[in-house]
Amino acid sequence: MSIQTIGIIGAGQMGSGIAQVCAQNGYTTFLTDAAQEFVDRGAARILGAWDTMESKGKISHDDVLLYRSRLRPTMNLQDYVACDVVIEAIIENKAEKVKIFRALDDLLRPEALLLSNTSSISLTEIAAVTKRADRVAGLHFFNPAPVMKLVEIVRALETSDATVETLKEFAASLGKTAVIAKDTAGFIVNFLLIPYLLAAIRMYENGTASMEDIDTAMKLGTGYPMGPFTLADYVGLDTTLFAAEVIYADNPDPAYAPPPLLKRMVAAGRLGKKSGRGFYTYE
């Protein structure tokens, strides 16, 4: 299928990042959220990113004007009738995602693709509430979406070969490298990443080493760009906890059991960089 118009549901950090990438790469891009203030904040984040890129000489002023012309912030879901692809990028809440997929399934043209940026929720279960299960899949971007080169294409039970091939071409058009994963909890990256992050938290919790020394050891000893505590703060401790719980429910291996410290920190509102405080403190 020919893709020209993209719709993004969710204007948070991930949703706005995906919208930025789509608009930069030639797609008319609608962006919406549950409230006007969220849409405005997401649009401002994107426009600010383009202004910064221009100030650093990475793009021209004409590029900025062109990108802006493709971005369509809106609170009117009817605008999405024109979309060839819609990517849901809201919070990791299955009930909320199901509600959105039902509404979009009734609204969109039959040939439109319905995708989720979920990092761990079953795509097969989400697809089951639609009448287009063959056109539902996961398209999991990594944060920050404009920078990270990887996307996971997650194939639900009924996802068609044609849908997968279309998504591979779409990912390439965004300058991304796509990998294909089955619809299992955690997919590829989180299935491997989460036990690493949880092991680091247990080491710190047990007094094996300080956070700083664990981070330094993994950066200098393995060549990782950041240590596990810095990375967990960047991902979000609530997101890390949710992913761990989902994977553990599907695969009850002790390596995926969330440590008590992680649960307490999330309960206390220490969610990482986005809240100003996680394992580290941020301005």
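Just so it is clear, none of the values below were taken in a lab; they were calculated from the coordinates. Because the structure is predicted, anything quoted here is derived from the model rather than measured. Cβ placement follows ideal geometry from the backbone for every residue including glycine, while neighbour counts extend to all protein chains displayed.
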Charge-dipole axis of region 191-274 as Lys and Arg at +1 and Asp and Glu at -1 on Cβ define it, positive-most pick from M211, A268, F191: A268
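Quick one: order I194, I153, I8, I188 by neighbouring beta-carbon count within 10 Å, fewest to most. Could you put the intermediate results ahead of the total?
Details: I194 27, I153 23, I8 32, I188 16.
Least crowded to most crowded, the residues run I188, I153, I194, I8.
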FRET E, pair A172, V129, Förster distance 35 Å, beta-carbon r, rounded to 0.05: 0.75
DSSP-defined beta bridges in the chain - what % are antiparallel, rounded to 5: 20 percent
Cleavage-rule hits (trypsin sites (Lys or Arg not before Pro)) in region 102-192: DSSP loop, at most 16 neighbouring Cβ within 10 angstrom: K131, K149
Among beta bridges that DSSP assigns inside region 126-283, antiparallel share in %, nearest 5: 50 percent
Least to most buried among S119, S160 (fewest other Cβ within 10 Å first): S160, S119
Rough spin-label spacing in nm, given labels placed 7 Å along Cα→Cβ, for R41 and T222: 3.2 nm
Linear extension gain, V179 paired with K149, 0.36 nm per residue minus alpha-carbon span: 9.7 nm
